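Here is the structure we will look at, set down as structure tokens.
Read the figures in this text as sums done on the coordinates, not as results from a lab. The structure presented is a predicted model; accordingly, all values stated were derived computationally and were not measured. Here the Cβ positions follow ideal geometry from the backbone for every residue, glycine too, while neighbour counts run over all protein chains shown.
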Amino acid sequence: MPVLVMKFGGTSVATLDRIRRAAKRVGVEVAKGYDVIVIVSAMSGETNKLVGFVNETSPLYDAREYDAIVSSGENVTAGLMALTLQEMDVPARSWQGWQVPVRTTDAHSAARIEEIPTDNITAKFGEGMKVAVVAGFQGISPQGRITTLGRGGSDTTAVAFAAAFGAERCDIYTDVDGVYTTDPRVEAKARKLDKISFEEMLELASLGAKVLQTRSVELAMRYKVKLRVLSSFEEQSDSAGTLVCDEEEIMESNVVAGVAFSRDEAKLTLMSVADRPGIAATIFTALSEAGVNVDMIVQNISEEGRTDMTWSCPVDQVIRAEKAMQKAHEDGVINYQELVADKGVAKVSVVGIGMRSHTGVAAKMFKVLSDEGINIKVITTSEIKISVLIDRKYMELAVQALHDAFELDKAA
Ligand code: ADP
Ligand code: ASP
Ligand code: MG
């Protein structure tokens, strides 16, 4: 039997009624003759609630216990989905990650999937089971502890299962009807794309468009998984939603494909650090060991053997960064005058493979921001994206102004 993977995100399983709705969609695919693997997220709001419990209990938590706690939301929806399907006379069984087992690295709270053995579930399909419901977002480490794949990780579970089982397609059901030129919640004029290239989707995701987890796009690209994003709230045809595919499959595209943003960023500057060979390595090793995900980095010009080092990271990691730097200072490893944290910044990026062959995108972006009176604090670029750090209060304005200026509401 051909295998289909269907993933339902938090809002699509937020109530028993919605689970029934999702189960009906699964039933439609079963009736077409598929063996279906359903990946479920926790009910919307559940994971945030669990993360809140962890932070309140232990701000510098042990990531192994964080995973034990925040993975639990998916266990509930997996069982409920299996029961709902059984009530509809569809033979179904649920699996938690460790039961499959979804083998991952031991990088707790950001684990990577290493292997998904298929024998267990395949044997059940052989016995007449039609739907395997798997709790997304979770796995098991080599040490036998529960791991999670990072926020939004159920997308990655879904694509990894599609790759492991050679699924015909991986359908990601969510609360929007596809991938848009930017988050439709921030820009009402955002336009749904029928197709988007893996590379553009990868950049948009990694720059904050949470419609797909970055790692899921990476896996889909590597294993050639046919990946589709569509709404669980609308009637579906086979051409619904957005197909994430190879660049070659897209005939026309705009120079800029989309605008992404990441709201909760922080900018930290280590003032007057002794400038010597190895200083960057020392600083960023200490930050990485403290679990800080550094994004942008800027080193200022040195004067009299001292320099300023600036970086950005998620705002909820500022305490970790501060502690790590304090400790390095006390240990005499890093000599600096002051650590200044700006917790009120956001990152806004424009993305498009057209930038490889078109010049002037950066200049236009900076002009648009300047016309709106928005100051740019840090800039980074790559072949197909330009990102800036700005004051958070201007984020929506910046996204809308850029969407307008690059005419993303109009198809190429
Ligand atoms: P799920 O719970 O189904 O995984 P998410 O909340 O993780 O859903 O992702 C869907 C959300 O992603 C949408 O509601 C939308 O607000 C947001 N989003 C951000 N950027 C985009 C984009 N470019 N296209 C579509 N949705 C986007
Ligand atoms: N429930 C997890 C989260 O909110 C995983 C997911 O929904 O993809 O991050
Ligand atoms: Mg998600």
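Structure notes:
- Against the main long axis of the alpha-carbon atoms of the chain, helix 154-164 sits at an angle near 60°.
- For segment 82-155, radius of gyration divided by Kirkwood radius, i.e. Rg to Rh on alpha-carbons: 1.04
- In degrees, nearest ten, helix 16-31 long axis to first principal axis of the chain (Cα): 60
- About its Cα centre, the dipole of segment 87-218 is roughly 240 debye, where the only charges are +1 on Lys and Arg Cβ and -1 on Asp and Glu Cβ.
- Structural descriptor for the chain: relative contact order 14 percent, calculated from alpha carbon pairs under 8 angstrom and at least 6 residues apart.
- Between segment 366-384 and segment 113-185, the Cα center-to-center distance that results, in Å: 37
- Angle in degrees between helix 72-87 and the longest Cα principal axis of the chain, rounded to the nearest 10: 20
- The length gained by stretching the chain between Phe53 and Thr15 to full extension, at 0.36 nm per residue less their Cα-Cα distance, is 11.5 nm.
- Charges were assigned to the Cβ only: +1 to each Lys and Arg, -1 to each Asp and Glu. The resulting dipole of the chain about its Cα centre is roughly 520 debye.
- Of the residues Thr47, Val36, Ala68, the one whose Cα sits farthest towards the positive end of the charge dipole of segment 1-101 is Val36 (charges of +1 on Lys and Arg Cβ, -1 on Asp and Glu Cβ, taken about the Cα centre).
- Packing-based exposure ordering (other Cβ within 10 Å, fewest first) of Tyr34, Tyr223: Tyr223, Tyr34
- For the chain, the share of DSSP beta bridges that are antiparallel, to the nearest 5, is 60%.
- Normalised by the number of residues in segment 123-256, the mean separation of alpha-carbon contacts (under 8 Å, six or more apart) gives a relative contact order of 26 percent.
- Here the gap between Asn75 and Arg151, fully extended at 0.36 nm per residue and compared with their Cα-Cα distance, gives a gain of 25.8 nm.
- Each other residue within a Cβ distance under 14 Å of Lys189 adds +1 if Lys or Arg and -1 if Asp or Glu, for a net charge of -2.
- A simple packing score, the average count of other Cβ atoms within 10 Å per residue, orders the peptides 341-350, 151-160 as 151-160, 341-350, with the highest score first.
- Whole-number percent relative contact order across segment 1-160, with pairs defined as alpha carbons under 8 Å at least 6 apart: 26
- At R0 = 25 Å, FRET efficiency that the Cβ-Cβ distance of Asn375 and Asp404 yields, to 0.05: 0.80
- Beta bridge orientation in segment 16-139: antiparallel %, DSSP, nearest 5: 20
- Each other residue within a Cβ distance under 13 Å of Asn55 adds +1 if Lys or Arg and -1 if Asp or Glu, for a net charge of -2.
- Cut-off 10 Å between beta-carbons: net charge of the residues surrounding Ser12, Lys and Arg +1, Asp and Glu -1: +3
- Inter-label distance, Phe233 to Ala363: 4.3 nm, where each label sits 7 Å from its Cα along the C-beta direction.
- Computed lengthening from Asn293 to Lys226, 0.36 nm per intervening residue step minus Cα-Cα distance: 21.1 nm
- Cα centroid separation, segment 36-98 to segment 272-318 (Å): 37
- Cut-off 11 Å (backbone N to label point 7 Å along Cα→Cβ of Arg306), residues of segment 312-344: 336-338
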